[in-house]
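Trainee: Pasting a structure here, questions to come.
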Amino acid sequence: MTGTGHASMRIDTAAGSILCDPWVNPAYFASWFPFPDNSQLDWETLGQVDYLYVSHLHRDHFDAEHLRRFVSKKATVLLPEYPTSQLEDELRDLGFTSFLKTKSNEVHELDGGLKVMIQALISPTDGPIGDSSLWVEHDGIRVLNQNDARPTDLSTFAELGHVHAHMLQFSGAIWYPMVYELPESAKRAFGKQKRDRQFDRTWRYIDDLKASHVFPIAGPPCFLDDELWQFNDIFGDEGNIFPDQAVFQREYAKVGGTNGIVLLPGSVTELTADSAQTSHPTDVDEFFANKQVHLEEMRVRKAPVIAAEKASWRHPEIDVLGELKKRIEPLLEESIYLAKGVGGPVRFDLVSYDGESVESIVVDFPGKQVRAYADEKVRYRFRTQRELIEHLIFIDEGDWVNSLFLSCRFSAARIGQYNEFVYAFFKCLSEERLQYAEGWYDEHEKTVEAEDTVFGDWTVQRRCPHLKADLSRFGIVEGDVLTCQLHGWKFDLPSGRCLTSVGHKIRAAKKTS
């Protein structure tokens, strides 16, 4: 297994090679870069593989430019079973023609005895409508590349035999809480909660699978633009949600972990049933001890890349309000569950090129229209540069989560709870995606959870109302509040009310004496 940066690796066996999630170019409006830097690797050689696995369409996993230039078009794509064809369509546009369309949770045997299984997660909140994990077996050696997928449990993989290498995410990959307009003390406290929860979830997955060796991957990115530099975890901030691999190793040791292996770009692990021998291009501890020096060097080297991207964003000829009306209003008309879930207007404040004047536009979900802001009260507000919205319109971007929101180039404010439907809608700005999400929520809403689990005096439905995590394994109760540790959602047991987001009521009953 060769580390190729972030969630990317190349797996070589006697029966063939698999390249997973190669990401090199900056993502999300040039805000995210891979760290450590992997752009100096010999990609001409690394890209000559038998199989390609792209876990999902997030742009720190799906790097279209890199796939086009460096990955052999003779490679067979191991395709997750997703509800839409977008991943396949985009890979075909890049020149790939050979696809193995896998069945989720089904083992496929390839030439030479190489076996693979892909588990696809397909809720509207999984990645850009879809995330996945790859299990590989050859000659009795098994690897699980979980990347940043969050299965409700790992039993499907464990049942196939002992796993020797488990690769999984441990760091943040979101914009919360950094972009929210909150006092710094509150932002730091929420960040610490999220950081702790990330690690707790990681420990749970590691304990579930009990693999011989654990590889922290899929994060964190680094932020090289001056406007975003503060998001790097180099300032001793306990509320920073982007801890790196060295921090993982320290935190893992605190809970008894002794089998962690860090892969730098260019690191190679020879894996057998009994051992994992790893060679590195440089000393790992020394590298992370000098993290800020490496980041400063990258910032200087990548500055022209960021400047060139920024120069491409402005499209002053675009009538933003008119174009948003044209694109979003037909989707509002078709939306039932998402529109009801949002429940009110969402306001976008667009800061002009001069950084001073602001145009405010409202996406009015109950009114099914996009219009100029009319001084009404709104619960959800975003503030960003006008040119970013212009560019989204110019490229006909159908997923603002996989572009604007993950860029962290905005600020947000809300009254009340987090509302997953807001982000779900702006992830579904196409007919195909919207129809899928509406159908998923329709089916989800009608599902009655009959099975129960018990927490002390409380009998609670076993599956979390959010994304069906098994609460008998991921749930903890403190007082009258149940927390699902998979995503950190909280529920008030006496009322059943979700304390984390709108909707998602839980069924719970207390034993009577």
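The values are calculated or read from the model by the stated rules, or taken from the named source; none is laboratory data. Just so it is clear, the structure is predicted and the values come from calculations on it, not from any experiment. Every residue, glycine among them, receives a Cβ derived from its backbone with ideal geometry; neighbour counts consider all protein chains shown. Areas reflect the complete protein model, heavy atoms only, side chains present, ligands, DNA and RNA absent. Shrake-Rupley method; radii C 1.70, N 1.55, O 1.52, S 1.80 Å.
Trainee: What is the residue count in segment 235-263 for residues that are assigned to a loop (DSSP other than H, G, I, E, B), under 22 Å from the mean Cα position of the chain (by Cα) and more than 16 Å from residue 213 (Cβ to Cβ)?
Mentor: Selection size over segment 235-263: 7.
Trainee: Same structure, new question: I need a count of the residues in segment 108-121 that are open to solvent by 60 Å² or more (accessible area, probe 1.4 Å) and either touching a residue at least 24 places away in the same chain (Cβ under 8 Å) or within 21 Å of the chain's Cα centre (by Cα) (or both).
Mentor: Number satisfying all stated conditions: 2.
Trainee: Can I ask one more? How about segment 404-414: which of its residues are of a type in the set (S, T, N, Q) and surrounded by fewer than 21 Cβ atoms within 10 Å (Cβ to Cβ)?
Mentor: Result: 411, single match.
Trainee: Name the residue, out of 371, 383, that is part of a strand (DSSP E or B), open to solvent by 60 Å² or more (accessible area, probe 1.4 Å) and modelled with pLDDT of 90 or more.
Mentor: Sole residue among the options that is part of a strand (DSSP E or B), open to solvent by 60 Å² or more (accessible area, probe 1.4 Å) and modelled with pLDDT of 90 or more: 383.
Trainee: Here's another thing I want to ask about it. So, in segment 124-138, of the ones that are modelled with pLDDT under 95 and under 9 Å from the mean Cα position of the chain (by Cα), which residue ends up surrounded by the fewest Cβ atoms within 10 Å (Cβ to Cβ)?
Mentor: The selected residue is 126.
Trainee: Can you report the number of residues in segment 273-306 which are open to solvent by 40 Å² or more (accessible area, probe 1.4 Å) and assigned to a strand (DSSP E or B)? Don't jump to the end; show me each part of the working.
Mentor: As a first pass, look at segment 273-306 and keep what is open to solvent by 40 Å² or more (accessible area, probe 1.4 Å): 273-274, 277-283, 285-286, 289-290, 292-294, 296-297, 299-301, 303-305.
Still in the running and assigned to a strand (DSSP E or B): 277-279.
Of the residues in segment 273-306, 3 are open to solvent by 40 Å² or more (accessible area, probe 1.4 Å) and assigned to a strand (DSSP E or B).
Trainee: I need the strands (runs of 3 or more DSSP E) fully contained in segment 415-513, keeping only those with at least 2 residues that are more than 26 Å from residue 58 (Cβ to Cβ) and open to solvent by 40 Å² or more (accessible area, probe 1.4 Å).
Mentor: 452-455, 475-478, 508-510
Trainee: Quick one: in segment 48-61, which of the residues that are without any contact (Cβ under 8 Å) to a residue 40 or more places away in the chain and not polar (S, T, N, Q) is most open to solvent (accessible area, probe 1.4 Å)?
Mentor: 50
Trainee: Enumerate the strands (runs of 3 or more DSSP E) found wholly within segment 81-184, keeping only those where 1 or more residues are touching a helix residue (DSSP H, G or I) at 6+ places or on another chain (Cβ under 9 Å) and among the small types (Gly, Ala, Ser). Write out each step before concluding.
Mentor: Numbers: elements: 98-101, 115-121, 131-138, 141-147, 165-169.
Passing ranges, in order: 131-138.
Trainee: Would you point out the residue of segment 25-55, among those that are in a loop (DSSP other than H, G, I, E, B) and closer than 16 Å to residue 96 by Cβ, that is nearest to the chain's Cα centre (by Cα)?
Mentor: Taking segment 25-55 as the starting set, the residues that turn out to be in a loop (DSSP other than H, G, I, E, B) are 25-26, 28-31, 35-42, 47-50, 54-55.
Cutting the leftovers down to closer than 16 Å to residue 96 by Cβ gives us 47-50, 54-55.
Values: 47: 24, 48: 27, 49: 26, 50: 26, 54: 13, 55: 11 Å.
Going through the qualifying residues, I end up with 55.
Trainee: Can you work out which of the residues in segment 317-353 that are under 28 Å from the mean Cα position of the chain (by Cα) and among the small types (Gly, Ala, Ser) is farthest from residue 413 (Cα to Cα)?
Mentor: Among residues in segment 317-353 that are under 28 Å from the mean Cα position of the chain (by Cα) and among the small types (Gly, Ala, Ser), the one farthest from residue 413 (Cα to Cα) is 335.
Trainee: Look at segment 307-320 and say how many of its residues are assigned to a helix (DSSP H, G or I) and either open to solvent by 40 Å² or more (accessible area, probe 1.4 Å) or at pLDDT below 95 (or both).
Mentor: 4
Trainee: Is it fair to say residue 230 is without any contact (Cβ under 8 Å) to a residue 60 or more places away in the chain, outside any helix (DSSP H, G or I) and either open to solvent by 30 Å² or more (accessible area, probe 1.4 Å) or closer than 30 Å to residue 395 by Cα (or both)?
Mentor: So residue 230 does not fit the description; no.
Trainee: Is there any pair with a first residue in segment 153-179 that is in contact (Cβ under 8 Å) with a residue 24 or more places away in the chain and a second that is part of a strand (DSSP E or B) and among the small types (Gly, Ala, Ser) whose Cβ atoms are under 6 Å apart and which are 6 or more apart or on different chains, and what are they?
Mentor: Listed by first residue and then by second, the contacts come to 179/411; 179/412.
Trainee: If residue 74 meets every condition in (1) over 30 Å from residue 404 (Cβ atoms); (2) open to solvent by less than 10 Å² (accessible area, probe 1.4 Å); (3) in a loop (DSSP other than H, G, I, E, B) apart from one, which number is that one?
Mentor: (2)
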